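Trainee: There's a structure below that I have some questions on.
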Amino acid sequence: MTNDHARKDPLSFLGAELDTLKQQGLYRHLRVLDGEQQATATFDHRQVVNLSSNNYLGLTTDPRLRERALEATRVLGVGSGSVRTIAGTMAIHMELERRLAAFKQTEAVVVFQSGFAANAGSVAAVLSRDDVVISDELNHASIIDGCRLSRAAIEVFPHKDIAAARRILARLPATRRKLLITDGVFSMEGDLGPLPELCALAEEFGCIMMVDDAHASGVFGRNGRGTIDHFGVHGRVDIQVGTLSKALGALGGYVAGSRTLIEFLYHRARPFLFSTSHPPAVAATCIAALDVLEQEPQIIERLWENTRFFKAGLQAQGFNTGLSESPITPVIVGDGALAMKLSDRLFEEGVFAQGIAFPTVARDKGRVRTIVTATHTKDELQFALDVFAKVGRELGIV
Ligand SMILES: Cc1ncc(COP(=O)(O)O)c(C=O)c1O
């Protein structure tokens, strides 16, 4: 049967939006990785020094982690078959949570399918309509979505501005439930949340204190325990989120805190309740990654050596690297289209550093973002620095 009523595509407005992005030079295609996520890798059929992954410690391809994943698959299968709250809590999920709780020095941990789910799921579960979130303006999208889902009021303070956060808190009624929330490491700036000052504010005003340590997990603190350990604020952060998807090399996110918090999340965090749990291979890989962090902290030192070398090199060439304090080093150029142009030219010359523009960062803060890993060699990093110098001069950035 033919359809006589020629139907106008009801999604045509999406095409119009994409056309606008193209006109603005902000349209991106997905770069495709052939083979493994390595320090030098093949994207879009071109071999490039890879400064775009979150594979901080090179664990995505570590032979020990691969073996544990394969063994778990052989013994336990490829899937968990259910959500955690029905039939999908396997012994290996519980073992990972026990290991993480011991590592983070908290009473308990619950693992989610991703860091995104951990943030969005826990903020939305803990808060409700009458509550208020006080949130740094550069907090991650998953925090913002969690805040929106909670239906709590959202008060945003300028980036790391403690005095502004204090002014907001001072005008809120003492009886209102409040959540003060920050990233531990900001994903686009590479700087650190001011945890000691924020913890003091939370204590003064009776707030719940929450930190998203996605980019600090495996990077900051003793053996990669994160910014709470780095700043020595143990016991002062009520809700700690970490990720298993970046430095730990696999996939997942977790919330670390009191046993009461974790049992509450078992009952109310919607991604935990309504989405299937990790395959056993993922849980086994994360346990193996924790073994590496505990037994081989030297890899974290290698990451920091590379970070210091690369950051100093970019700064010596005159690039604006913002206020980064971590292996994430932005090269800020301002205009979003120029950031994309810089990224494209770097790629043509053999360096992959992702261009980032509005709405991920403010309109005048376009940049390419670089992330070094423990597995980059000095030669690879020097090559990348030479390419940055050449392309930066060519585009009039330095
Ligand atoms: C600050 C921050 N929080 C949370 C996440 C989400 O983590 P995941 O990739 O495990 O979902 C990310 C990752 O992009 C992030 O940068």
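FYI, it's all coordinate maths here, none of it is from the lab. Remember, it's a predicted structure, so these values are computed and weren't measured experimentally.
Trainee: I need two numbers for region 214-270: Rg to one decimal and Dmax as a whole number, Cα atoms only, in Å.
Mentor: Cα radius of gyration and Dmax of region 214-270 are 12.1, 32 Å respectively.
Trainee: Right, next: To the nearest µm²/s, what D does Stokes-Einstein give for region 130-267 at 37 °C and 0.692 mPa s, using the Kirkwood radius over alpha carbon pairs as Rh?
Mentor: 217 µm²/s
Trainee: Among Thr360, Thr321, Thr243, which one shows the highest mean-square fluctuation when the chain is modelled as a Gaussian network with alpha-carbon springs under 10 Å?
Mentor: Sorting by GNM fluctuation, first place goes to Thr360.
Trainee: Also: Hey, got the Cα dimensions of region 11-152 along the principal axes, in Å, largest first?
Mentor: 52, 50, 31
Trainee: Whole percent per 10 Å bin, from 0 to the bin with the longest distance: what is P(r) over all C-alpha pairs of region 195-313?
Mentor: 12, 36, 35, 15, 2
Trainee: Using amide H atoms built 1.01 Å from N in the peptide plane, name the residues 5+ places from Thr40, or on other chains, whose amide H lies under 5 Å from its own.
Mentor: Under 5 Å from the amide H of Thr40: Asn50.
Trainee: Please state the Cα pair-distance histogram of region 69-141 with 10 angstrom bins from zero: what percent is in each bin?
Mentor: 14, 36, 32, 14, 4
Trainee: So what is the diffusion coefficient of region 105-164 in µm² per second by Stokes-Einstein at 25 °C and 0.890 mPa s, using a Kirkwood Rh over Cα pairs?
Mentor: 200 µm²/s
Trainee: So for region 261-398, Kirkwood radius off the Cα pairs, Stokes-Einstein at 4 °C and 1.567 mPa s: how many µm² s⁻¹?
Mentor: Translational D for this selection: 74 µm²/s.
Trainee: While we're looking at this one, here's another question. For region 13-53, build the convex hull from the C-alpha positions and give me its volume per residue in Å³.
Mentor: It comes to 94 Å³ per residue, whole-number rounded.
Trainee: When N counts the residues of region 169-234, how does its alpha-carbon radius of gyration compare numerically with 2.2 N^0.38 Å, as a ratio?
Mentor: Relative to the 2.2 N^0.38 Å estimate, region 169-234 comes out at 1.19.
Trainee: Out of all Cα-Cα pairs in the chain, roughly what percent, to the nearest whole number, are more than 36 Å apart?
Mentor: The calculated P(r) of the chain puts 28 percent of pairs beyond 36 Å.
Trainee: Can you give me the pair-distance distribution of region 310-375, C-alpha pairs, 10 Å bins, whole percents?
Mentor: Taking all Cα pairs of region 310-375, the binned fractions are 23, 55, 22, 1 percent.
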